[in-house]
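Participant: Okay, here's the structure, questions in a sec.
The values are calculated or read from the model by the stated rules, or taken from the named source; none is laboratory data. As the structure is a computational prediction, the values presented were derived from the model and not from experiment. FYI the Cβ positions are ideal-geometry reconstructions off the backbone, even for glycines, and counts take in every protein chain you see.
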């Protein structure tokens, strides 16, 4: 029953978000990996079981250091990973076709 409740809540959340703004991708699940590098896409995440984060072939999404609220996003992702919490990640495709994180919700 808990699984059905989570699925229903996720569907409601995704449906409400889709009507309010135009995201290229919306995925939900546990964080499977975190990568930090010195390039423009400084902080990358993958979500377990996800093959596309924003309608392309990339299974990862990124935050750039210059993104608004970068430190808050990194903190919430690290906390969710440490606690084993699932997250909803909403992304937009950048000019190069990569998935830039625009919103994160911890479940």
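Participant: I'm trying to understand the selection: among the residues of region 25-54, which are within 10 Å of the chain's Cα centre (by Cα) and either buried (at least 18 other Cβ atoms within 10 Å of the Cβ) or more than 21 Å from residue 107 (Cα to Cα) (or both)?
Facilitator: 25, 26, 27, 28, 31, 44, 45, 46, 47, 53, 54 - these are the residues of region 25-54 that are within 10 Å of the chain's Cα centre (by Cα) and either buried (at least 18 other Cβ atoms within 10 Å of the Cβ) or more than 21 Å from residue 107 (Cα to Cα) (or both).
Participant: What is the number of the single condition among (1) modelled with pLDDT under 95; (2) assigned to a loop (DSSP other than H, G, I, E, B) that residue 8 does not meet?
Facilitator: So the condition that residue 8 fails would be (2).
Participant: Also, quick follow-up: Look at region 55-97 and say how many of its residues are part of a loop (DSSP other than H, G, I, E, B), crowded, with 19+ Cβ neighbours inside 10 Å and either at positive phi or modelled with pLDDT of 95 or more (or both).
Facilitator: Narrowing region 55-97 to residues part of a loop (DSSP other than H, G, I, E, B): 55-59, 64-69, 84-85, 94-97.
Among the residues that remain, those that are also crowded, with 19+ Cβ neighbours inside 10 Å are: 58.
Pick out the ones that are also either at positive phi or modelled with pLDDT of 95 or more (or both) and you get none.
Matching residues across region 55-97 total 0.
Participant: Take region 17-54 and flag every residue that is part of a helix (DSSP H, G or I) and either under 22 Å from residue 72 (Cβ atoms) or at pLDDT 95 or above (or both).
Facilitator: Going through region 17-54, the residues part of a helix (DSSP H, G or I) turn out to be 17-20.
Hits for region 17-54 are 17, 20.
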